[in-house]
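The values are calculated or read from the model by the stated rules, or taken from the named source; none is laboratory data. Not measured: the values here are computed from a predicted model. Please note: Cβ atoms are built from the backbone with ideal geometry, for glycine as well, and neighbour counts cover all protein chains shown.
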């Protein structure tokens, strides 16, 4: 019988095969084939054909046997594709699959290989719950996984920001004597940096050497990026120390290193250091790209150095690099902050930015929310709210939904033209769409009401924010303090200042400016109750 089936299969006599299977279940034939000497490729073809032809669903036991047959025949590509389709079906629990594989092949090398490939298949198909459970279950069943499954699992967990699980998997790998390689360490260090656990990341960095694994440019770049994103005093000093160590180890910075460093300096408001890094990058024969120029242009704009930013934009274009949405957004934001929109138009920045976005939408190159957000933001800056809302409608007609950023832009635009009630309608619309307003949303709306002196409405927005379990931050307090100062309720403003300090929130530059301009320069000295707050330094 098996011989007949294999001959019919090899000769592709499908009608005869169908007639044979009308009287016998496909599972019976599959079992006979698996217990015969028929080539595993033919058995696999029969399995797939019978499933499709008869809409037949095989139990786990014959499925496990077929996997073992393919693995023993070293048909690894077929095992991989089989596991992919099996995982996508989501019919079986991880425990039941492991149990069937154990029954079908014992603790053979083929079983260990299949389990390893199964965990990888879960990761590859983004079945992360099953992948993580599979990793844990492997130990319970006595199977040792390899880096083939463990490294992709670590990487996927990092992408999902499951840093606690990343640490668990890494520690278990060491416990189970799964020797980490350079990729393991790089992924783990990246996970710790993303989770803000920089001290642990440095410990792992040192552990690498004990394992005889030496950091490469990716490892150093990850640490540099971690410190750049951390914020706080001394962060850039630390990145420079890492860079020096890197060079001492004869691992030379690449474009990614310098781009990260330049962006970090710009966000640290140290544009001079960013420009030095930019020069050093070129001295080392590395070519700045669009990302490099965008970071530096944004840094210069944020520091009010618009002429330098425009010069850099010209240089960028002259070198044949194409400015993108990020470039134009940085420039337009810079001109907007300096209230120099006429100059932006004169330079052609507004028109070129809009033209770029419009052409991208027309050609469907990047017809996404970010493109529309740029256009809507530009129209709001031009105080053309009607056109901005038209773009929101157009966006929805194109099957795209506005996100929190979209609505924050529109709320800000409405407040800037003195229409906070319209802005609050947009807030209600966000809730109706299932969007979750953030601190920027609430702070912007409160500022809008404060600008028209409507403290009652402002406090209602604060109450609404707190009801949504969002506690006021420094920006919230700055808005409220300035709002009370605007209507000459300086004692109430002082009470808010004390409340902010009691909550452990540190004043920022704006707080100092509000106290100096709205209180001290009007001859009012706020009573800061027992807080280490240097009022004299602001006078």
I'm trying to understand the selection: among the residues of the range 124-142, which are touching a residue at least 40 places away in the same chain (Cβ under 8 Å) and in a loop (DSSP other than H, G, I, E, B)? 125, 127, 141
Search the range 441-463 for residues being surrounded by fewer than 17 Cβ atoms within 10 Å (Cβ to Cβ) and free of Cβ contacts under 8 Å to residues at least 24 places away in the same chain, and hand back the single one that is nearest to residue 509 (Cα to Cα). 459
Of all residues in the range 261-291 being surrounded by 23 or more Cβ atoms within 10 Å (Cβ to Cβ) and under 24 Å from the mean Cα position of the chain (by Cα), which is farthest from residue 217 (Cα to Cα)? 266
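A quick yes/no check of all residues on (1) modelled with pLDDT under 80; (2) surrounded by fewer than 17 Cβ atoms within 10 Å (Cβ to Cβ):
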residue: 360; (1), (2): yes, no
residue: 368; (1), (2): yes, yes
residue: 376; (1), (2): no, no
residue: 379; (1), (2): no, no
residue: 389; (1), (2): no, no
residue: 393; (1), (2): no, yes
residue: 399; (1), (2): no, yes
Tally up the residues in the range 65-77 that are assigned to a helix (DSSP H, G or I), within 40 Å of the chain's Cα centre (by Cα) and surrounded by fewer than 20 Cβ atoms within 10 Å (Cβ to Cβ), please. 2
Would you be able to say whether some residue in the range 54-64 is part of a loop (DSSP other than H, G, I, E, B) and either over 30 Å from residue 95 (Cα atoms) or at pLDDT below 75 (or both)? no
Hey, which of the helices (runs of 4 or more DSSP H) in the range 263-343, taking only ones fully inside, have at least 1 residues that are over 19 Å from residue 239 (Cα atoms) and modelled with pLDDT of 90 or more? 271-283, 290-302, 306-318
